[in-house]
Each structure stands twice: as structure tokens, then as C-alpha cells.
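First comes the structure, then the notes that go with it.
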Amino acid sequence: MTTNDPSQQRRLIDLLGQTLAAISGNDSAPGPPVVFVHGITASVDFWLPSLPESVLNERRWISLSLPGHYPARIDRQTFGDWSDVTPAVWAEWYETALQQLVGDQPVDVVGWSTGGFTALTLAAHFPQRVHSVMSISGFAVGRWLGLIGTFQRFSLSSLTRWGVRLGFGTVGRSRMLFDLVMSSGIADRAVFQTSPTRKETMDDWFAAFGQHDAAVMAELFRKIAQFDLSDLIGHIECPVLIAGGGADSYIPGIHPRWMAAQIRGAELVLWPGAGHMFFAERTQEFQELLVRWLKRP
């Protein structure tokens with residue numbers, strides 16, 4: 001399990017009707033802060049086992065949670081109506097959080113899956129904030145495939161949404177079920193099992209999963225299905241790297257290829273044979289790519 005490092009700062013950021021969780025390190029290091037945003041159902045601790053030492057110890061970095069992901073909370077009494085949440089509103093949440101954390105300073109944003117979407121919508125709506133984007137298995141259109149897509153489709157109807165809430169609660173209480181569900185995102189199982197980051201990352205993920213509010217997770221699944229940046233990503237002007245697994249069952253390779261083609265000058269990196277779980281399927285490749293990307297002129 002990830003333990004609290006005294007050199008790292010943990011805090012909750014107050015927004016209207018909710019909090020976002022943040023971990024930060026090396027606050028006095030020079031250069032643009034690197035902001036990491038995890039994927040759906042994971043937590044703010046997700047990135048820590050996978051970060052290369054040169055980033056973890058030398059760069060100023062911030063790990064930000066997704067909305068409603070423990071220890072972040074959404075207050076259902078004051079949050080408002082989910083129908084009002086758009087990609088622009090989502091971006092505004094992160095702009096507000098970053099204003100509290102770094103003022104007006106531009107940041108490099110690295111996001112995985114829904115975190116990749118977060119990076120892209122932030123760059124599209126607040127271009128002055130984003131120095132660069134690295135999207136790993138991210139998306140511009142929020143309709144998922146595979147098992148996670150099945151859960152998402154159930155969340156779209158009030159007649160079946162209860163099943164999604166029940167499923168979240170059940171999976172959060174059983175490590176065996178959790179591992180089974182998450183295995184649907186793995187393509188290169190042999191490499192995944194031997195990755196040095198797998199155990200700590202998955203242990204932390206399961207611990208957080210059981211703390212998430214199942215009703216909020218179901219609403220997030222439903223809401224994200226309505227998100228569409230198709231008309232906006234072509235206007236992103238900062239440097240963008242689109243990465244992902246060539247065998248991803250949730251976000252098929254055709255989608256990152258399409259996104260890279262829409263964004264002027266975007267770099268595309270697809271790892272052949274890898275699925276959605278890049279942190280354990282392509283650990284070294286990710287670390288080397290991250291270091292190279294952050295060192296660019």
C-alpha cells in the first residue's frame with residue numbers, strides 16, 4: 001500500500017458542492033508543474049508507484065483526483081444537477097483547483113483514460129493554463145466499449161442504474177471480483193503479472209474503490225457517456241502526445257489515431273499488444289516516454 005511520504009503534501013480542494021483530492025511533491029522545483037489525473041474508479045494515489053525517480057524526486061508534480069473519487073467527495077445536497085455538467089464545466093473545476101494550487105502558472109497535464117479526457121478538455125477550454133498534454137488511453141467521446149462500456153450502458157437508464165450501484169458495492173467488497181473485473185482491461189497478461197508496479201497499484205486501487213460512493217460512480221458513468229469534444233480538440237494548440245494500447249478493449253486504437261489526426265502536430269504512440277492497463281503492461285515504455293516528453297524543449 002502507498003504510505004504517506006512526509007515530503008509529499010496531501011490536501012482537499014474545496015469547490016462548489018464537492019472537493020477534489022491532491023497530492024503534491026517538490027513544490028519548489030523549477031519548471032512547469034506536472035499534473036497527473038487518474039482514470040475512472042482509481043484514486044489520487046494511482047500514479048505514485050509508476051512514476052520514474054527523475055519525475056518523482058526532481059520535478060514539481062501534482063496528482064489530482066477525478067470528481068467524487070475517494071478521498072474527494074461530492075455533496076449531493078449542494079452539488080446541483082448532473083444535467084448541468086458539461087465538458088466545459090468539468091474543465092472549469094480543474095482550472096479552479098489549479099488556480100488554488102499553482103496560481104496562473106501553466107502546467108503539463110498527464111492523464112489516463114478519463115484523466116486523459118480531463119487533460120484534453122482543460123487544454124481546449126483554458127489554453128493559457130496548459131503547457132502540454134500527454135493523454136494515455138484518453139478519449140474525446142465518452143462512450144466506452146468492453147465490460148466497462150456495459151456498465152456504462154446500464155447507467156444510462158433509471159431502470160438499470162440501480163444495478164450499476166449494486167455492482168460497484170459488490171465489487172468494492174471482494175478483491176476476487178475486483179481483480180476479475182479489472183482483468184477485462186488487460187491484453188498482455190504475462191507482462192501485467194510480472195510488472196514491478198502491478199501489486200502496489202492494484203492494492204491501492206482496490207482500497208480506494210471500496211470507499212467510493214456507488215451512486216456517484218453510477219452518475220459519473222452516465223454523465224461521461226454524454227461528453228463529446230469532437231468539435232473542440234482540433235483547436236488545441238499546445239503540444240499533445242496521444243498514447244495508448246494497440247489492443248485496448250475499452251478505448252480501441254482507432255480512437256487515439258483519430259484524435260491524433262485532429263490535433264495539429266500531435267504525436268501518436270500506440271503500444272502493440274497492450275490493453276488499457278499501461279502502468280503494468282508497458283511500465284518501462286511509459287516511464288521512458290514520460291521522461292522524454294517532459295524533457296522536450
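In the stretch 229-262, how many are free of Cβ contacts under 8 Å to residues at least 24 places away in the same chain and either buried (at least 20 other Cβ atoms within 10 Å of the Cβ) or on the phi > 0 side of the Ramachandran plot (or both)?
Selection size over the stretch 229-262: 1.
Which of the residues spanning the stretch 193-213 are part of a helix (DSSP H, G or I) and either touching a Cys at 6+ places or on another chain (Cβ under 9 Å) or within 14 Å of residue 181 (Cβ to Cβ) (or both)?
The answer is 202, 205, 206, 209.
Tell me, which residue of the stretch 263-297 that is surrounded by 13 or more Cβ atoms within 10 Å (Cβ to Cβ) and of a type in the set (Asp, Glu) is nearest to residue 193 (Cα to Cα)?
Among those that are surrounded by 13 or more Cβ atoms within 10 Å (Cβ to Cβ) and of a type in the set (Asp, Glu), it is 281.
Is at least one residue of the stretch 140-153 aromatic (Phe, Trp, Tyr), in contact with a helix residue (DSSP H, G or I) (Cβ under 9 Å, 6 or more places away or on another chain), under 26 Å from residue 286 (Cβ atoms) and at pLDDT 95 or above?
Taking every residue of the stretch 140-153 in turn, at least one turns out to be aromatic (Phe, Trp, Tyr), in contact with a helix residue (DSSP H, G or I) (Cβ under 9 Å, 6 or more places away or on another chain), under 26 Å from residue 286 (Cβ atoms) and at pLDDT 95 or above.
Quick test for you: out of 91, 22, 72, pick the one residue that is in contact with a Phe, Trp or Tyr (Cβ under 8 Å, 6 or more places away or on another chain), crowded, with 17+ Cβ neighbours inside 10 Å, at negative phi and not β-branched (Val, Ile, Thr).
Residue meeting the stated conditions: 91.
When you scan the stretch 66-85, do you find a residue that is in contact with a Lys or Arg (Cβ under 6 Å, 6 or more places away or on another chain) and not in a loop (DSSP other than H, G, I, E, B), even just one?
For the stretch 66-85, residues in contact with a Lys or Arg (Cβ under 6 Å, 6 or more places away or on another chain) and not in a loop (DSSP other than H, G, I, E, B): present.
Considering the stretch 55-65 alone, what residues qualify as being more than 15 Å from residue 205 (Cα to Cα) and outside any strand (DSSP E or B)?
55, 56, 57, 58, 59, 60
The values are calculated or read from the model by the stated rules, or taken from the named source; none is laboratory data. What you are looking at is a predicted structure, and each value in this text was computed from that prediction instead of being measured. Please note: Cβ atoms are built from the backbone with ideal geometry, for glycine as well, and neighbour counts cover all protein chains shown.
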